[in-house]
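Scroll down for the structure; my scribbles are underneath it.
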Amino acid sequence: MSTVGNSTNIFWQESPIGKTERQKLLNQKGCVVWITGLSGSGKSTLACSLSRELNNRGKLSYILDGDNLRHGLNKDLGFKAEDRVENIRRVGEVAKLFADAGLICIASLISPYRKDRDACREMMQDSSFIEVFMNMSLQLCEARDPKGLYKLARAGKIKGFTGIDDPYESPLNCEIELKEKEGECPSPVAMAEEVIFYLEDKGFLQNE
């Protein structure tokens, strides 16, 4: 019996089928690929391309997209600092479950605060948290502005917008850093291949 947060008198129920068995069934190792960066840096584009490439290789993945999650799981949260912390915490817990199930979980969120991303990393008990930093300049992201949000932020219609009037804290020790080339974002396939190379090299795409 234990107390966790505001929950009292609770017990951890062990499953008869563990992570090892699930990974053997899928012939892959569960992990979290956490894609972080400014709005417009190509996070969702990479997530979709990566998921497609993994599917082509017979590997099971699932995307946790920041905007999509705010349609359901996190629809009660706004964009105040404390709400952003809780948003990332919830996504981290869900991503952990997907990885435990043996899936390659692709989390695509701005996740601007370093301590929140580090907290998600600490949820994982092994080296299965892979931080991918979309290191694209503010100038490039604002020029792309696929959702028109920078224009609204510059006009003062959106407050607390990351990169404009709210900070983005770059990763210090990410596993993968993707940079712009000659002022352009690399192609989706090229970025996905770089992540897949890492996953292959670290043994996530087979279960031995």
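Toward the positive end of the charge dipole of the range 19-202, about the Cα centre and with charges on Cβ (Lys, Arg +1; Asp, Glu -1), which of A155, I196, L172 goes farthest?
Farthest towards the positive pole: A155.
For a Förster distance of 22 Å, can you work out the FRET efficiency between the beta-carbons of A119 and K24, rounded to the nearest 0.05?
Calculated transfer efficiency: 0.15.
Roughly how many Å² is the accessible area per residue of the chain, as a whole number, for a 1.4 Å probe?
Each residue of the chain exposes 56 Å² on average to a 1.4 Å probe.
Between I17 and N68, what length comes free when the chain is fully extended (0.36 nm per residue of separation minus the Cα-Cα distance, one decimal in nm)?
15.3 nm is the gain from fully extending I17 to N68.
Could you work out what % of the accessible surface of the range 19-202 is carbon and sulfur, using a 1.4 angstrom probe and leaving DNA, RNA and ligands out of the count?
The computed percentage sits at 51.
Along the three principal axes, how long is the range 108-160 when you take its alpha carbons, biggest first, rounded to the nearest angstrom?
Principal axes ranked by extent give 44, 20, 15 Å for the Cα atoms.
Which value in Å does the Kirkwood hydrodynamic radius of the chain take, with 1/r averaged over all unlike C-alpha pairs and then inverted?
This gives a value of 18.0 Å.
R89 to E200: extension gain in nm, 0.36 nm per residue of separation minus the Cα-Cα distance?
37.2 nm
Determine the shape class of the range 5-51: with a ≥ b ≥ c the square roots of the Cα gyration tensor eigenvalues, call it rounded for a/c under 1.5, and otherwise prolate if a/b is greater than b/c, oblate otherwise.
oblate
The values are calculated or read from the model by the stated rules, or taken from the named source; none is laboratory data. Keep in mind that what you see is a predicted model, and the values were worked out from it rather than measured. Note that we place each Cβ from the backbone using ideal geometry, even for glycine, and neighbour counts take in every protein chain shown. Remember, those area values only see protein heavy atoms, side chains included, never the ligands or the DNA or RNA. Shrake-Rupley method; radii C 1.70, N 1.55, O 1.52, S 1.80 Å.
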